[in-house]
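The values are calculated or read from the model by the stated rules, or taken from the named source; none is laboratory data. The model shown is predicted, which means the values in this text are computed figures rather than measured ones. Note that we place each Cβ from the backbone using ideal geometry, even for glycine, and neighbour counts take in every protein chain shown. Ligands, DNA and RNA are excluded from the accessible area calculation, which covers all protein heavy atoms including side chains. Shrake-Rupley method; radii C 1.70, N 1.55, O 1.52, S 1.80 Å.
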Amino acid sequence: MESKKITIAIDGFSSTGKSTIAKELAKKLGYVYVDTGAMYRAVTYFAMINDYVSTESLNEEGLVKELANIKLKFVFNPEAGFSEMYLNGENIEKQIRGLEVSQLVSKVAAITDVRKVLVSQQQEMGKDKGVVMDGRDIGTVVFPDAELKLFMTASPDKRAKRRYKELLDKGENVKYEDVLKNVQTRDHIDTTRSDSPLKQAKDAIEFDNSDMGLKEQFERVYNITQRTIGEA
Ligand code: DC
C-alpha cells in the first residue's frame with residue numbers, strides 16, 4: 001500500500017541548514033521541495049534592479065503596484081539536482097544568493113502585500129501534500145495544519161561561519177564580520193516584523209544543530225518523518 005502523503009514544514013533562522021535538510025528529505029521521500037526564501041529573494045532582486053529598494057530606501061507602494069508583473073517559477077535543473085529560481089523567464093539563481101540580495105531581503109519580506117501574494121502561491125504549490133517547504137512562517141501561517149513541523153536553530157556565530165564558507169566557496173569577496181552582521185540584522189528584522197514574524201509553532205519540534213553534523217541531523221529528521229507518516 002502506498003503510504004499517505006503529508007505536508008512537512010521546516011522553519012527557522014537563516015543559515016541553519018534548513019534547505020539542505022529539506023532538499024535531501026524531499027528527494028528521499030519523492031516529495032516536492034519548495035524553498036520559500038528563494039521566492040522572497042527573487043522579489044527582492046526584482047525590487048533591487050528596478051530601484052524600489054536599496055540600503056537607504058524602500059519604495060513599498062511602487063513595488064506593490066508591480067507585484068502582478070513578477071512571475072516566479074522553479075525549474076528543475078537535472079545537472080545541479082535541484083530547482084532553480086526564474087524571474088519572468090530568466091534564471092536568477094546566482095543573483096539571489098549574493099550578499100547584496102541577502103542584505104535587502106528582510107526589508108522586502110516585511111511588506112504585507114508581498115507576503116500575501118507569496119503565501120498564496122505557496123499554498124497552491126502544496127495543496128496536494130507530498131511537499132517539504134522551508135521558510136520562516138510555513139508551520140505558523142502557510143500550512144498551520146502541516147502534519148510535521150520542524151524548527152531549526154543554531155548560534156549566530158555558527159550560522160555566520162557556515163554562510164561565510166559558502167560565500168567564499170562561491171568566489172564572493174566577503175568579510176566574516178559583514179556576514180555575521182547580516183545574520184544578526186536579519187534575525188532581528190525577521191523576528192520582530194509585525195506581519196508573520198519568525199517564531200516557533202507550538203507544535204513544532206525544535207532542532208538545535210549548532211553542534212550536530214549533517215548526517216546525524218538528517219538521520220534524526222528522517223526517523224521522525226517516517227514515524228509521522230506511519231501515524232498519518
Ligand atoms: O531562507 P532564506 O535565508 O533564503 O530567506 C531569505 C529571507 O526571506 C529571510 O531573511 C526571511 C525571508 N523569508 C520570510 O520572511 N518568509 C519565508 N517563508 C521565507 C523567507
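With a cap of 16 neighbouring Cβ atoms within 10 Å, and only residues DSSP puts in a loop, list the trypsin sites (Lys or Arg not before Pro) found in the stretch 154-210. The partial results should precede the final answer.
Working: sites: Lys158, Arg159, Lys161, Arg162, Arg163, Lys165, Lys170, Lys175, Lys181, Arg186, Arg193, Lys199, Lys202; in loops: Lys170, Lys175, Arg193, Lys199, Lys202.
Here the sparse-neighbourhood loop sites are Lys170, Lys175, Lys199, Lys202.
Helix 176-192 against the longest principal axis of the chain: what's the angle in degrees, Cα atoms only, rounded to the nearest 10?
Once rounded, one gets 70 degrees.
What's the local net charge at Thr225, with K and R +1, D and E -1, over the other residues with C-beta under 10 Å away? Before the final figure, lay out each step's value.
Working: positive: Lys28, Arg220, Arg227; negative: Glu147.
Its environment carries a net charge of +2.
Tell me, what is the percent relative contact order of the stretch 92-232, built from C-alpha pairs under 8 Å that lie six or more residues apart? Could the numbers behind the result be given before it?
Working: 104 pairs, mean separation 44.3, N = 141.
Here the relative contact order equals 31 percent.
Please calculate how many Å² of accessible area the stretch 119-232 carries per residue, with a 1.4 Å probe and no DNA, RNA or ligand atoms counted.
Values: 6180 Å² over 114 residues.
Per-residue accessible area for the stretch 119-232 comes out at 54 Å².
Set Lys and Arg Cβ to +1 and Asp and Glu Cβ to -1, take the dipole of the chain about its Cα centre, and tell me which of Gln123, Thr185, Ala22 lies farthest positive.
It is Ala22, whose Cα lies furthest towards the positive end.
So which of Lys4/Lys73; Lys18/Lys215; Lys65/Lys116; Lys129/Lys202; Lys4/Lys127 end up more than 18 Å apart by C-alpha?
Values: Lys4/Lys73 27 Å; Lys18/Lys215 13 Å; Lys65/Lys116 13 Å; Lys129/Lys202 21 Å; Lys4/Lys127 14 Å.
The pairs that break the limit, which is 18 Å between Cα atoms, are Lys4/Lys73; Lys129/Lys202.
What is the magnitude of the charge dipole of the chain about its Cα centre, with +1 placed on the Cβ of each Lys and Arg, -1 on the Cβ of each Asp and Glu, and no other charges, expressed in debye to the nearest 20?
Details: 35 positive and 37 negative charges, 72 e Å.
Charge dipole, the chain, about its Cα centre: 340 debye, nearest 20.
Kindly provide the helix-only [θ] at 222 nm of the chain, computed as the sum of -39,500 (n - 2.57) over DSSP H runs of four or more divided by all residues, to the nearest 500 deg cm²/dmol? Before the final figure, lay out each step's value.
On the way: 9 runs with 112 residues, N = 232.
Computed mean residue ellipticity for the chain: -15000 deg cm²/dmol.
If you roll a 1.4 Å probe over the stretch 1-86 with all protein chains in place, what percent of the accessible area is carbon or sulfur? Don't skip to the answer; put the middle values down first.
On the way: 2200 of 4370 Å².
Taking all protein chains in place, the stretch 1-86 shows 50 percent carbon and sulfur surface.
Could you go through the stretch 66-76 in sequence order and give the Karplus-derived ³J(HN,Hα) for each residue, using 6.51 cos²θ - 1.76 cosθ + 1.60 with θ = phi - 60°, rounded to whole Hz, and x for Gly and Pro?
The phi angles translate into 8, 3, 5, 8, 9, 9, 9, 8, 9, 10, 5 Hz.
Would you give the gap between the C-alpha center of the stretch 77-114 and the C-alpha center of the stretch 3-48, rounded to a whole Å?
12
Report the Stokes-Einstein translational diffusion coefficient (µm² s⁻¹, integer) for the stretch 55-125, Rh taken as the Kirkwood radius over Cα pairs, at 20 °C with viscosity 1.002 mPa s. Walk me through the numbers on the way to the answer.
Values: Rh = 13.7 Å.
Reported coefficient: 157 µm²/s.
Would you please give the residues with an amide H less than 5 Å from that of Leu150, counting only those at least 5 places away or on a separate chain, with H modeled from the backbone geometry?
Result for Leu150 returns Ala9, Ile10, Asp11, Ile205.
Which one, Gly89, Gly62, Gly98, has the greatest fluctuation when you compute a Gaussian network model over the chain with C-alpha springs under 10 angstrom?
Taking springs between Cα atoms under 10 Å, the residue moving most is Gly89.
Please list, in chain and number order, the residues 5+ apart from Asp208 or on another chain whose amide H is under 5 Å from its amide H, with Hs placed from the backbone.
Hits under the 5 Å cutoff: Thr153.
For a quick check: with amide H placed at 1.01 Å from N, whose amide H comes under 5 Å from Phe82's, ignoring anything fewer than 5 positions away on the same chain?
Asn77
If one puts a single equal scatterer on every Cα of the chain and applies the Debye formula without solvent, what log₁₀ I(q)/I(0) results at q = 0.08, 0.13, 0.17 Å⁻¹?
These q points yield log10 I(q)/I(0) values of -0.28, -0.77, -1.38.
Residue by residue through the stretch 91-99, what is 3J(HN,Hα) from phi via Karplus (6.51 cos²θ - 1.76 cosθ + 1.60, θ = phi - 60°)? Round to whole Hz and write x for glycine and proline.
Whole-Hz 3J(HN,Hα) from phi for the stretch 91-99: 6, 10, 3, 5, 4, 7, 9, x, 5.
Given points 7 Å out from each Cα along the Cα-Cβ axis, report the Thr112 to Asp211 separation in nanometres with one decimal.
Here the answer is 4.4 nm between the modelled labels.
Stick to the Cα atoms of the stretch 149-204, pair each with every other, and give me the Kirkwood hydrodynamic radius in Å at one decimal. Present the calculation step by step, with values, prior to reporting the outcome.
Working: mean 1/r = 0.0790 Å⁻¹.
Value: 12.7 Å, from the Cα pair sum.
Residue-wise, which Karplus ³J(HN,Hα) couplings in Hz belong to the stretch 100-107, taking 6.51 cos²θ - 1.76 cosθ + 1.60, θ = phi - 60°, and x for glycine or proline?
4, 5, 4, 6, 9, 5, 5, 4
For the stretch 1-106, which trypsin sites (Lys or Arg not before Pro) pass both filters: DSSP loop (anything but H, G, I, E, B) and at most 13 other C-beta atoms within 10 Å?
Taking the stretch 1-106 and a limit of 13 other Cβ atoms within 10 Å, the loop trypsin sites (Lys or Arg not before Pro) found are Lys4, Lys71.
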